[in-house]
């Protein structure tokens, strides 16, 4: 086989592998970014043309990077007996929970990873979440829905928590409508604190969580 054909074959294999579903943290976000990365979007990027589809791709890519970074931080908890599940599907609809955690004592936490631009601070103004001058309050709807669904399915409370990468938080951390937003590098410390302050009742839900929330597969 000629060298040129080998290069073509390698390119085809690389394209195929990039399109495959990779399980684990950030996998569904990365898969969605790949779907958006059409030849036209790539061409526009090369020409310096900003497109709506290109912006969406960048957002999904950033989300995947944030989820993977959070998963790396959570490894220490997995070694300490926590149930740590990444990118899990909810039983109904097309939503997923980025990270589902159960402490050794049975405290359930739904953790959402976000990676937003460090150029703008994140703050709460008059009951609204602001990233710079942009109102991003509605971007907390996902974690609110996820925590409620997890609580309903498992039959026990589920604490919502947001791990924020990039954007600085006014005052060090934020709370809005019961949802706590913490800097990414403090996520593990906050999780341990939550596990100490809360106590689960009844059967430990870790094993059930793994069965009831399977790996997410976007269709």
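With (1) under 20 Å from residue 115 (Cβ atoms); (2) surrounded by 15 or more Cβ atoms within 10 Å (Cβ to Cβ); (3) at pLDDT 95 or above as the list, and residue 166 as the residue in question, which single condition is left unmet?
For residue 166, the failing item is (3).
Among the numbered criteria (1) touching a residue at least 40 places away in the same chain (Cβ under 8 Å); (2) surrounded by 17 or more Cβ atoms within 10 Å (Cβ to Cβ), which one does residue 198 miss?
Result: residue 198 passes all but (2).
Scan the stretch 75-90 residue by residue and report those that are within 25 Å of residue 152 (Cα to Cα), free of Cβ contacts under 8 Å to residues at least 60 places away in the same chain and in a helix (DSSP H, G or I).
78
Given the criteria modelled with pLDDT under 95, assigned to a strand (DSSP E or B), more than 18 Å from residue 208 (Cβ to Cβ) and under 17 Å from the mean Cα position of the chain (by Cα), does residue 68 qualify?
no
Residues in the stretch 119-127: is at least one under 28 Å from residue 156 (Cα atoms), modelled with pLDDT of 60 or more and crowded, with 18+ Cβ neighbours inside 10 Å?
No; the residues of the stretch 119-127 include none that is under 28 Å from residue 156 (Cα atoms), modelled with pLDDT of 60 or more and crowded, with 18+ Cβ neighbours inside 10 Å.
The values are calculated or read from the model by the stated rules, or taken from the named source; none is laboratory data. Note that the structure is a prediction, hence the values are computed from the model and not measured. Because the Cβ atoms are built from the backbone with ideal geometry, glycine has one as well, and the counts that use them run over all protein chains shown.
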